[in-house]
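Since the structure comes first, as structure tokens, the remarks are kept for the end.
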Amino acid sequence: MKSHNLLIIALLTAFTFNVTAQTNESNMKTKVNKTEDEWVEELGEEKFYILRECGTEPPFTGKYYKHDEKGSYNCAGCGAMLFSSTSKYDSGSGWPSFYESIDKTAIKEIEDNSLGMSRVEIKCASCDGHLGHVFPDGPAPTGMRYCVNSASLDFKK
Ligand SMILES: [Zn+2]
């Protein structure tokens with residue numbers, strides 16, 4: 001029992017270090033800088049709430065959770081390519097879900113301990129827009145589930 005606990009602690013520690021390293025690396029990628037007023041004007045209230053205030057749309061309501069055309073899902077804030085339709089799958093969560101990002105540097109991961117939960121927030125590396133969270137319960141080949149708000153995405157064929 002004891003060694004089992006130690007293994008869990010070791011795994012959690014490795015996971016945390018990994019997240020921290022990625023965060024530091026991708027922090028340097030931020031390129032788009034706008035004021036709050038500029039963002040509200042450009043995005044409208046719903047997208048502003050999700051992208052800039054880390055809001056969450058209700059599940060099964062977004063325009064992309066059941067969307068299965070071929071193309072790329074880009075950041076609704078700045079247009080950066082984030083996910084390919086080839087990595088999209090139905091996770092049953094009610095939010096668009098992907099098992100990997102289009103490019104490891106496109107997304108930054110940040111530890112999020114809000115709402116009494118320990119989660120990893122995902123943000124656009126270019127504009128810092130909030131996308132959703134990533135969970136280690138996705139399908140092969142990565143085992144990850146990038147759970148993203150439709151409002152944070154802009155699909156391009
Ligand atoms: Zn962006």
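The values are calculated or read from the model by the stated rules, or taken from the named source; none is laboratory data. Note that the coordinates shown come from a computational prediction; the quantities given were computed from them, not determined experimentally. Cβ atoms come from the backbone with ideal geometry, glycine included; neighbour counts cover every protein chain shown.
Just a few scattered comments:
- Residue pairs meeting the criteria (Cβ under 6 Å; at least 6 apart or on separate chains; first more than 16 Å from CYS75 (Cβ to Cβ), in the stretch 35-60; second outside any loop (DSSP other than H, G, I, E, B)): VAL40/PHE48
- LYS108 satisfies every condition listed in (1) assigned to a helix (DSSP H, G or I); (2) surrounded by 20 or more Cβ atoms within 10 Å (Cβ to Cβ) except (1).
- Residues of the stretch 115-134 classified as free of Cβ contacts under 8 Å to residues at least 40 places away in the same chain and outside any strand (DSSP E or B), total: 4
- With respect to being crowded, with 21+ Cβ neighbours inside 10 Å, among the charged types (D, E, K, R), over 14 Å from PHE83 (Cβ atoms) and away from the ligand (no atom under 13 Å from the Cβ), GLU121 falls outside the description.
- Top-ranked residue of the stretch 90-118 - restricted to ones that are among the acidic types (Asp, Glu) and over 18 Å from ASP68 (Cβ atoms), ranked as farthest from the ligand (Cβ to nearest atom): GLU111
For every residue, the table says whether it meets (1) modelled with pLDDT under 95; (2) assigned to a loop (DSSP other than H, G, I, E, B).
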residue	(1), (2)
SER3	yes, no
GLN22	yes, no
LYS29	yes, yes
PHE48	no, no
PHE60	no, yes
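- Selected residue [out of contact with any Pro (no Cβ under 8 Å at 6 or more places or on another chain), free of Cβ contacts under 8 Å to residues at least 60 places away in the same chain and of a type in the set (Ser, Thr, Tyr)] from THR86, THR105: THR86
- VAL134, sole failed condition from (1) within 15 Å of the ligand (Cβ to nearest atom); (2) under 11 Å from the mean Cα position of the chain (by Cα): (1)
- Of the residues making up the stretch 67-83, those that are closer than 14 Å to ILE102 by Cα, more than 12 Å from the chain's Cα centre (by Cα) and within 8 Å of the ligand (Cβ to nearest atom) are GLY79, ALA80.
- Given (1) on the phi > 0 side of the Ramachandran plot; (2) not in a strand (DSSP E or B); (3) not acidic (Asp, Glu), number of the condition TRP95 does not satisfy: (1)
- The numbered conditions (1) in contact (Cβ under 8 Å) with a residue 12 or more places away in the chain; (2) not in a strand (DSSP E or B) are all true for ASP137 except (1).
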